[in-house]
1. If I ask for residues that are free of Cβ contacts under 8 Å to residues at least 40 places away in the same chain and either among the β-branched types (Val, Ile, Thr) or outside any helix (DSSP H, G or I) (or both), which ones from the range 200-216 would you list?
2. Which of the residues belonging to the range 218-232 are open to solvent by less than 70 Å² (accessible area, probe 1.4 Å) and without any contact (Cβ under 8 Å) to a residue 60 or more places away in the chain?
3. Tell me, please, whether a residue that is open to solvent by 60 Å² or more (accessible area, probe 1.4 Å), within 48 Å of the chain's Cα centre (by Cα), modelled with pLDDT of 90 or more and closer than 15 Å to residue 218 by Cα can be found in the range 145-161.
4. I need the full set of residues from the range 217-232 which are in a loop (DSSP other than H, G, I, E, B) and either touching a Leu at 6+ places or on another chain (Cβ under 9 Å) or of a type in the set (A, V, I, L, M) (or both), in order please.
5. Of all residues in the range 11-58, count the ones that are assigned to a loop (DSSP other than H, G, I, E, B) and surrounded by 10 or more Cβ atoms within 10 Å (Cβ to Cβ).
6. Among the listed residues 173, 205, identify the single one that is hydrophobic (A, V, I, L, M, F, W, C) and under 14 Å from residue 231 (Cα atoms).
7. Mind checking which residues of the range 180-220 are over 15 Å from residue 152 (Cα atoms) and not basic (Lys, Arg)?
8. For residue 179, indicate whether it is part of a strand (DSSP E or B) and touching a helix residue (DSSP H, G or I) at 6+ places or on another chain (Cβ under 8 Å).
Amino acid sequence: MKYGKTERISGIVILLALLAIFVPWLMSDPAPREERPQPSFVIEKPTEVERRDVPAPERPATVNEPSLSSTPSSANSDGYIPIDVSPRTPQTDQAETASPAPSGSDAATPDNDPIADLMATNNSGSNSGSGSSGSNSTSNTASQSSSSPSSPSASSQGQWAVQVGSFGEAANARRLGEQLSGEGFTVYQRERDNNMTTVFVGPYATSEDGDAAMTSIKERANVQGLLVRVRD
C-alpha cells in the first residue's frame with residue numbers, strides 16, 4: 001500500500017479535530033439581538049468660552065470728514081451733473097498741419113510705379129512665351145508623327161506574328177482588334193481549346209519584320225506585344 005498505518009491514523013485524527021471545531025459553530029444559534037453589543041455614541045459637553053463686549057470702531061484722527069462743499073456747483077437739485085453733448089474741436093494742430101489728400105488721377109496712378117511696370121513686362125513675356133510654346137508643341141507633334149517608324153506590311157505566307165493579348169471574353173478581343181485596325185495594323189484572332197481568344201498582328205515573313213511591328217505597336221497603340229512563331 002502507498003500509505004502506512006501511521007499516516008492513516010494521523011489523517012483520521014485531523015478530520016476528527018476539524019469536526020470538533022466546526023460542527024458546534026455551525027449548529028449553534030446566533031445570539032439574540034438584545035445580547036449583541038450595540039454601538040454607543042457619546043456627545044461631549046460644549047466648552048465654555050469667555051464672552052466680552054467689543055467697542056465700536058472709531059475713525060482715525062488722520063482721516064478728515066467728508067466736506068459737503070466738494071459737490072460741484074453745476075449739479076442740479078437731484079445730484080446729477082449735466083453733460084455737455086456738443087462736440088468740441090480737438091486740442092491739437094494735426095488738422096492744420098495735415099497735407100490735403102490727393103484727388104483725381106494723381107492719387108490713383110502715381111507717375112512712376114515699378115510694380116505696374118514689372119507686371120506689364122511679365123504679361124507681355126507670358127503672352128509671347130505661350131505663343132512660342134504652342135508653336136513648339138505643334139512642331140514637336142509633327143516631328144514625332146513623321147519620325148515614328150512605319151509598320152512593315154503583313155504577308156499571308158509569313159510564319160511570324162505579334163501576340164498582343166488573350167481574352168476569356170470575345171468582346172474584349174474584338175475591342176482590341178478594332179483599336180489596332182484603326183491604327184493601320186493587320187489583325188486576326190484564333191480560338192483556343194481553353195475558351196480563350198488570342199489576338200495577333202501579322203503575320204510577317206521574317207522575325208525582323210515582326211520586331212519592327214512590335215515596336216510600332218508599342219509606340220502607336222501603347223500595347224506591349226510578344227513575337228511568336230505561328231503555325232497552321
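The values are calculated or read from the model by the stated rules, or taken from the named source; none is laboratory data. A quick note: this is a predicted structure, and the numbers were derived from the prediction, not measured. Cβ sites come from the backbone with ideal geometry, for glycine too, and all protein chains shown count toward neighbours. When the accessible area is computed, the model is the full protein with side chains, heavy atoms only, and any ligands, DNA or RNA have been set aside. Shrake-Rupley method; radii C 1.70, N 1.55, O 1.52, S 1.80 Å.
1. Of everything in the range 200-216, just one residue is free of Cβ contacts under 8 Å to residues at least 40 places away in the same chain and either among the β-branched types (Val, Ile, Thr) or outside any helix (DSSP H, G or I) (or both), namely 200.
2. 221, 223
3. So far as the range 145-161 goes, no, none of its residues is open to solvent by 60 Å² or more (accessible area, probe 1.4 Å), within 48 Å of the chain's Cα centre (by Cα), modelled with pLDDT of 90 or more and closer than 15 Å to residue 218 by Cα.
4. If the condition is that a residue be in a loop (DSSP other than H, G, I, E, B) and either touching a Leu at 6+ places or on another chain (Cβ under 9 Å) or of a type in the set (A, V, I, L, M) (or both), then 223, 230 are the ones that fit.
5. 0
6. Among 173, 205, only 205 is hydrophobic (A, V, I, L, M, F, W, C) and under 14 Å from residue 231 (Cα atoms).
7. Once the filter is applied, which keeps residues that are over 15 Å from residue 152 (Cα atoms) and not basic (Lys, Arg), the range 180-220 yields 182, 188, 189, 191, 193, 194, 195, 196, 197, 198, 199.
8. It is false that residue 179 is part of a strand (DSSP E or B) and touching a helix residue (DSSP H, G or I) at 6+ places or on another chain (Cβ under 8 Å).
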